[in-house]
1. Of the peptides 84-90, 16-22, how do they stack up when ordered by the mean number of other Cβ atoms within 10 Å, highest first?
2. For Phe63 and Lys7, compute 0.36 nm times the residue count separating them, minus their Cα-Cα distance, and round to one decimal in nm.
3. Using the number of other C-beta atoms within 10 angstrom as an exposure proxy, rank Leu59, Leu104 with the fewest first.
4. Please list 91-101, 47-57 highest first by mean number of surrounding beta-carbon atoms within 10 Å per residue.
5. In straight Cα distance, which aspartates and glutamates are under 17 Å from Lys101, not counting same-chain residues fewer than 8 positions off?
6. If you place +1 on the Cβ of every Lys and Arg, -1 on the Cβ of every Asp and Glu, and leave all else neutral, what size is the dipole of the stretch 11-112 about its Cα centre, to the nearest 20 Debye?
7. How large is ³J(HN,Hα) for each residue in the stretch 105-113, as worked out from phi by the Karplus curve 6.51 cos²θ - 1.76 cosθ + 1.60 (θ = phi - 60°), to whole Hz, x for Gly and Pro?
8. Which entries of Lys44/Lys105; Lys42/Lys105; Lys7/Lys94; Lys44/Lys106 have Cα-Cα distances beyond 24 Å here?
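FYI, it's all coordinate maths here, none of it is from the lab. Note that the structure is a prediction, hence the values are computed from the model and not measured. In this analysis, Cβ positions are derived from the backbone assuming ideal geometry, glycine residues included, and neighbour counts consider all displayed protein chains.
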Amino acid sequence: MSHSADKQFPDDTILIIGNAQTTVDNPINHQYNGFFITFVVKQKTGAVVDCGASVILPLTGSFIRNFFIGRCLIEDEQAIVAEVNARYYGSSRKAIIVAYKDALKKYREIRGESKAKAG
């Protein structure tokens, strides 16, 4: 078996981590000292191949993944934020959006986009 056959993620993907803070009393903050979402994306298109969030319950992580899998970091920004606001009613809602936007900023930097385009 070749090395490439063993890979979970194709060579055209990159990993980006978006960070945020949660409220002091949030269990996530007690366990992780913050909130983060790890994204595996196609480098050229920003399509989200996989992601995971620093959550306590696996069900919460699965629900959060559904906001991002199959979407594009840049092109789907408004839809992602709207869906999180409409469907997520946990104390980490704002942290999810902040972590996503932090990852989006990093992705734009990787692509060499100017700050004017990013904001």
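1. Values: 84-90: 12.7, 16-22: 19.6.
Top to bottom by mean Cβ count within 10 Å: 16-22, 84-90.
2. Working: separation 56, 0.36 × 56 = 20.16 nm, distance 2.54 nm.
Difference between extended and current length: 17.6 nm.
3. Details: Leu59 9, Leu104 19.
Ascending Cβ contact count within 10 Å gives the list Leu59, Leu104.
4. Highest-to-lowest ranking by the protection proxy: 91-101, 47-57.
5. List returned: Asp50, Glu75, Asp76, Glu77, Glu83, Glu109, Glu113.
6. 140 debye
7. Per-residue couplings from phi come out as 4, 5, 4, 4, 5, 4, 6, x, 6 Hz.
8. Pairs exceeding the cut-off: Lys7/Lys94.
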